[in-house]
Protein chains: 2
Amino acid sequence: MKPSDRNITTALRRHGYKLTPQRCAVVHAITSSQDHLTPTAIFEKVSQNHPGIGLVTVYRTLKLLAELELICELHTGGNCPSYTAGTSHHHHHLVCSGCGKVVDFASPRLIEHNVVELEGRLSRESGFRIDDHLLEFTGLCQLCQKAPASSV
Amino acid sequence: MKPSDRNITTALRRHGYKLTPQRCAVVHAITSSQDHLTPTAIFEKVSQNHPGIGLVTVYRTLKLLAELELICELHTGGNCPSYTAGTSHHHHHLVCSGCGKVVDFASPRLIEHNVVELEGRLSRESGFRIDDHLLEFTGLCQLCQKAPASSV
DNA sequence: CTGTAACTGATAATACTTTTCAATTAGCAG
DNA sequence: CTGCTAATTGAAAAGTATTATCAGTTACAG
Ligand SMILES: [Mn+2]
Ligand SMILES: [Mn+2]
Ligand SMILES: [Zn+2]
Ligand SMILES: [Zn+2]
């Protein structure tokens with residue numbers, strides 16, 4: 001077991017969760033890759049050394065690890081696609097993680113300027129051709145701060 | 001038909017698409033709301049004045065309008081959830097819209113500083129309690145710039 | 001060891017989106 | 001105005017992703 005694995009597994013134990021071979025396998029699949037992996041990709045990776053593991057268990061473990069913030073989950077969990085008019089002007093989003101409400105805002109020129117500069121640097125370093133950027137804030141809207149989240 | 005509707009419908013015609021009542025209804029549902037609406041919400045809204053419309057048609061129309069960039073689609077279409085180790089340090093993402101590859105990067109202190117300032121302002125203006133932010137660039141990785149996208 | 005609550009995996013259920021295809025229709029030519 | 005035709009629609013089915021149920025198994029505290 002690699003040290004990076006141990007960090008996570010001991011954290012699991014510390015939180016009172018049992019250390020099953022399945023959970024260890026999922027952790028190892030994640031720590032042993034540089035990439036962001038989809039649940040299915042992780043399942044396939046785990047299945048090699050641990051045939052018979054259920055995809056369900058992979059989902060459960062990922063959810064658990066992400067909740068404990070032991071792994072990085074990409075994309076704000078929110079209900080993914082939603083649509084609105086007025087795509088014309090470049091803008092960004094403030095998303096309520098309670099009810100899903102979205103507020104559009106324009107980011108100040110200063111930030112946009114810095115971001116464009118950063119785009120240039122990242123592009124040079126990574127070889128990506130960068131087309132667009134997205135600045136997104138997540139939090140709780142006024143209503144959801146009071147009431148416990150009422151979901152969409 | 002509101003002027004904002006007309007903008008979109010004439011654009012549709014200009015691109016050679018037929019102007020069906022269903023499409024007009026979907027466009028109107030979107031332009032007549034301030035919010036970002038999910039496909040289902042749009043379907044329900046349209047169904048009121050246009051019972052019998054198929055959910056399929058709503059999906060088709062949304063896809064069309066988004067492709068023509070006549071409406072704003074929230075969240076980078078990408079295959080939503082993916083996981084990686086090392087959530088400890090705050091970082092951001094560079095995502096390939098061709099193959100889904102994700103590169104992590106730390107944004108420069110200058111940007112983080114500006115963003116925190118912006119958070120304060122947005123919070124005051126909107127009443128949101130802001131918990132986190134996400135800066136995401138989308139583009140094409142080196143491979144996908146050559147080969148036509150090979151999907152995940 | 002033993003007991004038990006936590007955990008697993010097969011299955012089913014749910015949810016969301018796309019495909020298929022026969023019937024309908026928008027919009028053009030005449 | 002017709003009449004034609006390719007585009008479009010909607011019902012149904014299929015595909016895909018995720019979650020719930022539940023009987024059997026297992027990690028681990030005592
Ligand atoms: Mn928007
Ligand atoms: Mn990451
Ligand atoms: Zn809210
Ligand atoms: Zn790529």
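The values are calculated or read from the model by the stated rules, or taken from the named source; none is laboratory data. In this text the structure is predicted, and so the values were computed from the model without any measurement. In this analysis, Cβ positions are derived from the backbone assuming ideal geometry, glycine residues included, and neighbour counts consider all displayed protein chains.
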### Answer from B:Ser123, B:Ser107 - the residue that is of a type in the set (Gly, Ala, Ser) and touching a Leu at 6+ places or on another chain (Cβ under 6 Å)
B:Ser107
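Here are B:Gly52, B:Gly139: which of them is more than 29 Å from A:Phe128 (Cα to Cα) and either modelled with pLDDT of 85 or more or out of contact with any strand residue (DSSP E or B) (no Cβ under 9 Å at 6 or more places or on another chain) (or both)?
B:Gly52
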### Query
What's the number of the condition B:Ser82 fails, among (1) closer than 28 Å to A:His36 by Cα; (2) at pLDDT 85 or above?
(2)
### Task
May I ask you to list pairs of residues, at least six apart or on different chains, whose Cβ atoms are under 7 Å apart, with the first in segment B:50-72 being within 11 Å of chain A (Cβ to nearest Cβ) and more than 16 Å from ligand 2 (Cβ to nearest atom) and the second being assigned to a loop (DSSP other than H, G, I, E, B) and modelled with pLDDT of 90 or more?
B:Leu68/B:His15
### Task
For segment B:23-43, name all the residues that are out of contact with any strand residue (DSSP E or B) (no Cβ under 9 Å at 6 or more places or on another chain) and charged (D, E, K, R).
B:Arg23
